[in-house]
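The structure under discussion appears below in the form of structure tokens.
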């Protein structure tokens, strides 16, 4: 990962038909040579790469059209799977906005992106503790288990854990990924929760 004079950072992208949020782990199976090379370089140099949602196109073959927001990830571990593919487990860390991107001769997309600094100091106040009580009334045991297993002592982290755990469509997930304000992000999630209760 290279920091330019403009404050933008260069790193490779892994486009997926999935929206990945900060604080969320993801298991990947890698088989295309372009991504095997990319992961090898990342592991060798101790760097990170970005996961971005696909807007149009596929995960295999020609480089797809991507959503301009994504999540930078670090590799937690890797192994060769029984099916012969490379399995890697990554953790979503820091969001970014793609300012420029290009596709090389291998159909690997690289980006020049601006990283976001999350507000991790905004605590849960009374209103949001009531909001968590609303979650407890939902018939989603997997959601409650997911939240119970994670410390969520600030608005930022709570919003990402909810965004991952709730049954949201891709368009809503992308809106959440792009939203900068923790309060506005949670307000959008609350709207979804209230619709689920009705």
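Just one of the listed residues (168, 115, 162, 155) is at pLDDT 65 or above, closer than 26 Å to residue 100 by Cα and surrounded by 14 or more Cβ atoms within 10 Å (Cβ to Cβ), and it is 115. Here residue 147 qualifies as modelled with pLDDT under 75, touching a helix residue (DSSP H, G or I) at 6+ places or on another chain (Cβ under 7 Å) and part of a helix (DSSP H, G or I). Mind checking which residues of the range 64-89 are in contact with a strand residue (DSSP E or B) (Cβ under 7 Å, 6 or more places away or on another chain) and free of Cβ contacts under 8 Å to residues at least 12 places away in the same chain? Those that are in contact with a strand residue (DSSP E or B) (Cβ under 7 Å, 6 or more places away or on another chain) and free of Cβ contacts under 8 Å to residues at least 12 places away in the same chain: 65, 79, 80.
Here are some residues: 50, 92, 58, 70. Which one is farther than 18 Å from residue 22 by Cα and not in a helix (DSSP H, G or I)?
Result of the check over 50, 92, 58, 70: 58.
Taken as a whole, the condition of being exposed (fewer than 13 other Cβ atoms within 10 Å of the Cβ), modelled with pLDDT of 80 or more and not in a helix (DSSP H, G or I) does not apply to residue 139.
Residue by residue through the range 19-54, note down the ones that are free of Cβ contacts under 8 Å to residues at least 40 places away in the same chain and surrounded by 14 or more Cβ atoms within 10 Å (Cβ to Cβ). Result: 32, 42, 49, 54.
The values are calculated or read from the model by the stated rules, or taken from the named source; none is laboratory data. Because the structure is predicted, anything quoted here is derived from the model rather than measured. Cβ atoms come from the backbone with ideal geometry, glycine included; neighbour counts cover every protein chain shown.
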